[in-house]
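A short write-up of the structure that comes next.
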Amino acid sequence: MNHRENIKNGETLSILGFGCMRFPKKGNEINEIESEKMVIRAIESGVNYFDTAYIYQSGKSESVLGKILAKGYREKVNVATKLPLFLAKKQSDLDRLFHIQLQRLQTTYIDYYLMHMLMDIATWERLKKIGVEDWIKAKKESGEIRNLGFSFHGTQAEFIRLVDAYDWDFVQIQYNFLDENNQAGIVGLKHAHQKGIPVIVMEPLRGGKIVFGLPTEVTRNFADLTPSRSVADWALRWVWNHPEVTLVLSGMSAMAQVEENIRVASDAQANQLDETQLAVFAKAREILLERTKVPCTGCGYCMPCPYGVDIPACFAAYNDKYLNKSSFGAKFVYIRNTGALSVRPANASLCQSCRRCEEHCPQRIVISERMKEVASVMEGPLFKPMVYIMRKGMKMK
């Protein structure tokens with residue numbers, strides 16, 4: 001496992017961090033047995049950074065991680081978790097939420113604590129008014145918070161303003177070969193690094209959207225470079241190629257992913273890719289940006305929808321229609337995933353434009369408007385009859 005130095009405090013961090021947002025499921029619950037195997041395998045392979053959040057998997061991600069680490073692993077790793085800003089209305093909320101997180105994680109301190117989805121300077125000013133700066137100071141003096149940062153999904157300009165607004169210990173941004181100039185982007189990455197702030201990268205594979213189900217032209221170009229490497233392998237190497245990146249979080253949900261990521265993280269270096277390899281990424285970016293209709297990463301922050309719409313599933317099928325130029329196949333997947341095989345229908349036309357989901361979308365997608373677009377393209381006069389036939393064939397009510 002390769003490591004890089006935290007340029008702020010000199011700590012050594014594994015370049016691979018374990019993102020705990022996508023622990024494997026067994027039914028509707030986290031598969032704790034498999035999750036424990038994955039976490040322990042990662043620790044034994046040198047991974048020393050585990051990232052979770054108050055809201056991940058309905059709060060159960062923190063609890064499961066805490067239970068695993070309490071078996072003799074806590075002191076071997078850095079734990080990162082996040083304050084849900086939408087629940088922090090007054091200073092007493094900060095203490096209440098933080099105390100819950102310590103209990104869930106079965107620990108007395110958090111190594112890397114983040115303001116979750118701090119989108120703009122206005123939100124930071126609101127937090128300052130309820131005393132967040134004094135609260136942070138007290139927690140750091142007591143040792144309950146060792147490093148303070150924020151995770152970001154917003155515009156490049158707002159990111160730079162936020163970086164300059166406080167003496168942060170680290171920041172966390174979405175960054176991958178498709179988002180080089182999106183959100184904080186390369187400019188934000190370099191700005192933070194120049195100020196001596198470590199940068200943690202999330203969504204290096206965009207929730208798998210930039211490595212699975214890609215156009216043949218894209219996968220063929222990567223295969224021509226080195227047939228033995230997967231697109232996921234290449235995509236991770238692209239992020240690690242940046243010396244400004246301290247570590248990369250991967251939201252692993254299967255042991256095979258853990259094994260592959262450990263292998264790549266044991267070999268990847270900064271400034272390792274040559275001009276020919278970087279040109280393949282540039283071509284892939286051009287093709288994907290041209291065909292991607294909705295920049296959804298499938299993170300699920302928008303869920304649950306009060307009207308039953310499976311928002312990520314709707315967008316995934318819609319994007320696939322254009323990425324792979326397969327109208328019938330994408331529509332079948334859409335019907336299967338949002339109508340016929342769901343306990344309750346979850347298709348786009350169920351959207352009532354309440355816009356609750358939009359408050360929580362990291363990509364700032366105007367979901368209510370895009371759902372109308374999805375319904376128009378993916379549903380038609382045959383949609384309801386096909387759903388009826390498939391549900392009846394499967395004896396679903």
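Read-outs: derived from the displayed coordinates by stated rules, not from any lab. Everything numeric here is computed off the predicted structure, so don't read it as measured data. Cβ sites come from the backbone with ideal geometry, for glycine too, and all protein chains shown count toward neighbours.
Brief remarks on what is shown
- Computed extension gain for Arg229 through Gln277, at 0.36 nm per residue and net of the alpha carbon distance, reaches 16.0 nm.
- A simple packing score, the average count of other Cβ atoms within 10 Å per residue, orders the peptides 262-275, 198-211 as 198-211, 262-275, with the highest score first.
- Subset of Lys60/Lys89; Lys321/Lys384; Lys8/Lys67; Lys60/Lys372 violating a 28 Å alpha-carbon distance limit: Lys8/Lys67; Lys60/Lys372
- Between 0 and 90 degrees, the angle of helix 311-323 with respect to the longest Cα principal axis of the chain falls at about 70 degrees.
- 13 Å reach of a label modelled at Glu290, 7 Å along Cα-to-Cβ, counting backbone N of the range 212-231: 215-218
- Partnerless cysteines in the chain, where a partner means another cysteine C-beta under 4.7 angstrom, comprise Cys20, Cys296, Cys299, Cys305, Cys314, Cys351, Cys354, Cys361.
- Per-residue packing, averaged as other Cβ atoms within 10 Å, sorts the ranges 254-260, 147-153 into the order 147-153, 254-260, beginning with the highest.
- Label-point gap, in nm, between Ser92 and Glu32 - each point 7 angstrom along Cα→Cβ: 3.3 nm
- Enclosing the Cα atoms of the range 1-65 in their convex hull gives a volume equal to 81 cubic angstrom per residue.
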